[in-house]
Amino acid sequence: MSDTDVWITIALLALATVITRSSFFLTGRAVRLPHKLQHALRYAPAAALAAIVVPDLVLTTGTLTDAALNPKLLAAIGAVLIFLLSRHLLATIIGGMALFTLLRLVL
């Protein structure tokens, strides 16, 4: 790709982003999303976060790893259990990282 092609691509992507994000502001209240769609969109951030985190937990160099030897997955399970027991975010972060460090050193 030439420099011109790169800049044209960047400009078109920026334009597409501006158009799609500003369309709700430009139409005002004329466009109403159905209640079921609004309810479903509440789960979008959690789904996006899961789509980013889960592959890192279960894959190593593009292949599935054995759960018994995967310190990331075991530490994530431990962090979930810590959160369910304590409901404290800082305890979850500290406990999960400590568990990950310990498992990484042992395994």
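Side notes on the structure shown:
- Hits in region 1-49 (condition: polar (S, T, N, Q) and either under 30 Å from A76 (Cβ atoms) or assigned to a loop (DSSP other than H, G, I, E, B) (or both)): S2
- Failed item in (1) β-branched (V, I, T); (2) surrounded by 10 or more Cβ atoms within 10 Å (Cβ to Cβ); (3) out of contact with any helix residue (DSSP H, G or I) (no Cβ under 7 Å at 6 or more places or on another chain), with T63 passing the rest: (2)
- A residue that is modelled with pLDDT under 90, surrounded by 12 or more Cβ atoms within 10 Å (Cβ to Cβ) and of a type in the set (F, W, Y) cannot be found anywhere in region 86-100.
- Any chance F25 is aromatic (F, W, Y) and closer than 27 Å to V106 by Cα: no
- A count restricted to region 66-85 and to residues that are at pLDDT 95 or above and exposed (fewer than 12 other Cβ atoms within 10 Å of the Cβ) stands at 2.
- Within region 82-102, residues that are closer than 20 Å to N70 by Cβ and touching a residue at least 24 places away in the same chain (Cβ under 8 Å) reach partners that are part of a helix (DSSP H, G or I) and of a type in the set (K, R) with beta carbons closer than 8 Å, at six or more positions or on different chains, in the pairs F100/K72.
The values are calculated or read from the model by the stated rules, or taken from the named source; none is laboratory data. Small disclaimer: the values here were computed from a predicted structure and weren't measured. With ideal geometry, Cβ positions are generated from the backbone for all residues, glycine too; neighbour counts draw on all protein chains shown.
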